[in-house]
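The values are calculated or read from the model by the stated rules, or taken from the named source; none is laboratory data. Model, not experiment: these values are computed from the prediction. So basically every Cβ, Gly included, is an ideal-geometry build from the backbone, and we count neighbours across all protein chains shown.
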């Protein structure tokens, strides 16, 4: 994808997530953990955040269109279309679950290497 096409998609209102949809919020590395990482690990973290943002933008677009298609299926009494929308919703749930697993793995990836020095300094990770 060309840079200008990517920028147009990212700036389009269709990619803006709903404020009440916390599942589509990007995962951000704990700042204390990020500060303790080596520079190559920080670069990897930022790349993974960018990938996650693109996954979330794409999922947001697809879900908005699925909601519109589902409304048409309900209003026009199209059970076959509604059934297919349900299948696509299931696929989106799998994508969301994969992104969540990636985020959890990403969030905890480097903690064993950096936790000991942080705990020695008296830091404790907040409970979420």
**OP:** For the range 11-19, state whether one or more residues are surrounded by 12 or more Cβ atoms within 10 Å (Cβ to Cβ), in a helix (DSSP H, G or I), touching a helix residue (DSSP H, G or I) at 6+ places or on another chain (Cβ under 9 Å) and modelled with pLDDT of 80 or more.
**Re:** no
**OP:** Looking at (1) surrounded by 12 or more Cβ atoms within 10 Å (Cβ to Cβ); (2) part of a helix (DSSP H, G or I); (3) modelled with pLDDT under 75, find the lone condition where residue 116 falls short.
**Re:** (1)
Subject >> Residue list for the range 29-43, restricted to those being under 20 Å from residue 53 (Cβ atoms) and either outside any helix (DSSP H, G or I) or at pLDDT 80 or above (or both) >> reply: 29, 30, 37, 41, 42, 43
Original post:
Within the range 49-65, can you find the residues that are crowded, with 17+ Cβ neighbours inside 10 Å and more than 10 Å from the chain's Cα centre (by Cα)?
Top reply: 63
**OP:** Report whether or not residue 26 is modelled with pLDDT under 70 and within 21 Å of residue 6 (Cβ to Cβ).
**Re:** yes
Subject >> Pair list, Cβ < 8 Å and 6+ apart or interchain, from the range 38-54 residues that are on the phi < 0 side of the Ramachandran plot and touching a residue at least 40 places away in the same chain (Cβ under 8 Å) to residues that are in a helix (DSSP H, G or I) and surrounded by 12 or more Cβ atoms within 10 Å (Cβ to Cβ) >> reply: 45/34; 45/106; 48/102; 48/106; 52/99; 52/102; 52/103; 52/106
